[in-house]
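The values are calculated or read from the model by the stated rules, or taken from the named source; none is laboratory data. Predicted, not measured: the structure shown is a model, and the values here were computed from it. Glycine also receives a Cβ, built like all others from the backbone with ideal geometry; neighbour counts cover every protein chain displayed.
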Amino acid sequence: MTEPRQPAMPIAAFDLHRNAQGRLVYVGPDGQAHEGVQAVRAFPISEPAHGVSIVSADGRELAWLDTLDALPPATRQQVDDALASREFMPEIQHIDAVSSFATPSLWDVRTDRGPTSFTLKGEEDIRRLAGQTLLIADSHGIHYLVRDVTALDRSSRRLLDHFL
């Protein structure tokens, strides 16, 4: 005879809201409030909807979320907003022009957030991630994502090949 299966453990009830100063506040199941918390993805590129941590202002983990899909809609929106304000990583969809094949060079690109230009200081600022994914850092420290090099058009790939 088998024992009845236990239901999956629900995410511990917590509240996430912004205070009057606009700071994110986490109120845990114990009722204790933590001001100035941040939401941090464990795997922002490969698994953006899984593995999110809510950390205190001093960097201590307060809550771990295996998946965002299990959150109530209002809490999910607060987590999504917190992540969006923390993360800024435009995805390059097309490379229009590169000023020079020697670095530093000025790149004109189209991203999922609109057209922009940035300076690539050196070839070492282009990092290969898993598969065909690249992360390009500009001279100001902003990171641009190329999710799949093979999905870029031919002219964009040709320009990018000079730096790889």
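Couple of notes before you dig in:
- Of residues in the range 116-133 being in contact with a Lys or Arg (Cβ under 9 Å, 6 or more places away or on another chain) and in contact (Cβ under 8 Å) with a residue 24 or more places away in the chain, the one nearest to residue 90 (Cα to Cα): 116
- Selection of the range 86-131 for residues being among the hydroxyl-bearing types (Ser, Thr, Tyr) and surrounded by 12 or more Cβ atoms within 10 Å (Cβ to Cβ) yields 99, 103, 105, 111, 116, 117, 119.
- Subset of the range 113-124 [touching a Leu at 6+ places or on another chain (Cβ under 9 Å) and at pLDDT below 95]: 123
- When the range 132-159 is limited to residues that are of a type in the set (S, T, N, Q) and surrounded by 15 or more Cβ atoms within 10 Å (Cβ to Cβ), the one that is farthest from residue 103 (Cα to Cα) turns out to be 133.
- If the condition is being among the small types (Gly, Ala, Ser), more than 26 Å from residue 134 (Cα to Cα) and touching a residue at least 12 places away in the same chain (Cβ under 8 Å), then the range 35-91 contributes 36, 56, 57, 63, 70.
- Only one of the numbered conditions (1) out of contact with any Phe, Trp or Tyr (no Cβ under 6 Å at 6 or more places or on another chain); (2) among the aliphatic types (A, V, I, L, M); (3) modelled with pLDDT of 90 or more is not met by residue 62, and that is (1).
- Scan of the range 43-56 for residues that are part of a loop (DSSP other than H, G, I, E, B) and modelled with pLDDT of 90 or more, ordered by number: 56
- Test result for residue 78, surrounded by 14 or more Cβ atoms within 10 Å (Cβ to Cβ), closer than 26 Å to residue 16 by Cβ and either at pLDDT 90 or above or not hydrophobic (A, V, I, L, M, F, W, C) (or both): yes
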